[in-house]
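Visitor: Let me give you the structure first, and then I'll get to my questions.
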Amino acid sequence: MPVDSTASSLPPSDSADLDQAVIDRVLAGDRDAFGILIERYSDPLYRHAHGMTGSADVAEDILQVSFIKAFHHLGEVRGRFDAWVFRIVANGCKDWLKNIRRTHLSYEEDDQPSGYETPDEELDRGEIRRDLDRALAALPSSLREAFVMKHVEGRSYEEMAELLDTTVGALKMRVHRAREALQKLLEDRYS
Amino acid sequence: MMMHSESLEPRDPAVAPEAVRQAPAAEVDDREVVPPFVENVALWSAIDAETARMRAMTAPTGFAARVLAGLDRR
């Protein structure tokens, strides 16, 4: 059966209905139908994980673990599946960031793997990308999350507020602070 | 000669004039207005171009199949 991945571009209510129909199929034993949900939401969730961790490999790992967790707890979904699975991925990213920062706490500043990428990944990136990843890694996770959701994922403030369960005003402030901090970190190199 | 009994109070300007003079200055510093953020146009043009490229990223090919295969291993 062809995979329907159009739901993420539909209005939320239509999208939620489509998702619920798939969830019902999975819960009834059609395990492969879960692939429809993965196809629908893996791209925006991958962008989130990649923006938060700065690593393609880590992003894929977090996403894979998150979808497996989602599959095993699918019967607990209340409300929108996309918001529910987003929270699983977002929490996975924050946990990873906490662990990596704790791991590198004793390192000298210059030794810190700011982008956390592998050497091969780093070689594949342009200079601005490397600098941006390093600057993003220096931000508190709440500012980084807001910047990534707004500028990398291209979400509206209203959508961000719904996913993060906060206000539009608070998110505008976080994005503003993130931009200020990023400019301060990068200005010397790009003035 | 002690002028009156309150002259030893630390808040008395006659005893602690330096502290009294400094306090308002410190308060002014706390209220200092932060200059408005002026965006560096050239920098943000470069960052915006990069974030636009990042916005086009997609999950790796075959990702859904790998997750489904992972369900079998658990």
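Each value in this text was obtained by applying a stated rule to the coordinates, not by laboratory testing. All of these numbers come straight from a predicted model, not from anything done at the bench. No Cβ is skipped: glycine too gets one built from the backbone with ideal geometry, and neighbour counts run over all protein chains shown.
Visitor: Counting Lys and Arg as +1 and Asp and Glu as -1, each charge on the Cβ, what is the dipole of the stretch A:132-191 about the Cα centre in debye, to the nearest 20?
Guide: 260
Visitor: Can I ask one more? Determine, for each peptide in A:27-33, B:50-56, A:132-138, the mean count of other beta carbons within 10 angstrom over its residues, then list the peptides with the highest first.
Guide: A:132-138, B:50-56, A:27-33
Visitor: Taking each residue in A:138-150, count the Cβ atoms of any other chain within 10 Å of its Cβ, then average. What number comes out?
Guide: Neighbouring Cβ atoms belonging to other protein chains average 0 per residue here.
Visitor: Across the residues of B:39-50, average count of Cβ atoms on other protein chains within 10 Å?
Guide: Mean partner-chain Cβ count within 10 Å for B:39-50: 5.
Visitor: Averaged across A:38-44, how many Cβ atoms of other chains sit within 10 Å of each residue's Cβ atom?
Guide: Mean partner-chain Cβ count within 10 Å for A:38-44: 4.
Visitor: At 7 Å along Cα-to-Cβ for each site, give me the label-to-label distance between B:F37 and A:E162 in nm.
Guide: 2.6
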